[in-house]
Amino acid sequence: MKLCSNKYCVEVFPEFSPDKRASDGLASKCKTCHRDYYRQNKDRYNCGKWSKENPDLARAAKLLWKSNNRHKTRQMNAESKRRHPETSTKYRRRRRSAIKKATPRWLNENQRAAIKEFYSNRPIGMTVDHIVPLLGKNISGLHVPWNLQYLTPQDNAKKGTSLVGV
């Protein structure tokens, strides 16, 4: 039976949170002591207050961490997709639906073929991006040949759903 590292703990059968870094896979403090510690030291752990006050710096720090830890980011994304396949499926369906809704009926066969050709002739290491995004916040573009462009994955991620070019 594991004991809590807090010497003042009075729990008879303490429960421990999982902790991958620990040799036994469990946190050193029991759940009760852990909760009490964070309640008493709330000012030290301001729960994202800095990030809310400095959104640009927080975003830059996050992007820097991701670029320095690409392997970890890929592993975490793959693990998340494995644990939550319904979420991944939901995003794929949403994207497919957006493309279908944004493809106008008046598009002729030559223009539809031009879209397919644009995707099939994509240079290696590039992604296909919509100049006016299909799922923009204030504006939504059409899935037509003249609204497509090639971007690097990094530039495409920076652009996101904004209308402004990179």
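How many residues does the range 116-158 contain that are over 19 Å from ARG94 (Cα atoms) and either in contact (Cβ under 8 Å) with a residue 40 or more places away in the chain or of a type in the set (D, E, K, R) (or both)?
So the answer is 5.
Confirm whether GLU79 is among the acidic types (Asp, Glu) and farther than 21 Å from ALA157 by Cβ. Lay out the reasoning, then the answer.
Values: among the acidic types (Asp, Glu): yes; farther than 21 Å from ALA157 by Cβ: no.
In short, no.
Run down ILE139, ILE115 and say which single residue is loosely packed, with under 13 Cβ neighbours inside 10 Å and assigned by TED's automatic domain parsing to the domain that holds VAL164. Reasoning before the result, please.
Details: ILE115 fails: loosely packed, with under 13 Cβ neighbours inside 10 Å.
Answer to the selection: ILE139.
Being aliphatic (A, V, I, L, M) and closer than 16 Å to ALA157 by Cβ narrows it down to one residue among LEU63, LEU57; which is it?
Numbers: LEU57 fails: closer than 16 Å to ALA157 by Cβ.
Going through LEU63, LEU57 in turn, the sole match is LEU63.
With respect to GLN75, determine if the residue is of a type outside the set (Val, Ile, Thr), more than 19 Å from LEU134 (Cβ to Cβ) and at pLDDT 90 or above.
yes
Name every residue in the range 131-166 that is aliphatic (A, V, I, L, M) and assigned to a helix (DSSP H, G or I), in order of residue number. Before the answer, list the steps.
Within the range 131-166, the subset aliphatic (A, V, I, L, M) is 131-132, 134-135, 139, 142, 144, 148, 151, 157, 163-164, 166.
Answer for the range 131-166, where residues must be aliphatic (A, V, I, L, M) and assigned to a helix (DSSP H, G or I): just ALA157.
The values are calculated or read from the model by the stated rules, or taken from the named source; none is laboratory data. Note that this is a predicted model, so its numbers are computed, not measured. Don't worry about glycine lacking a Cβ; one is built from the backbone with ideal geometry, like all the others, and counts go over all protein chains shown.
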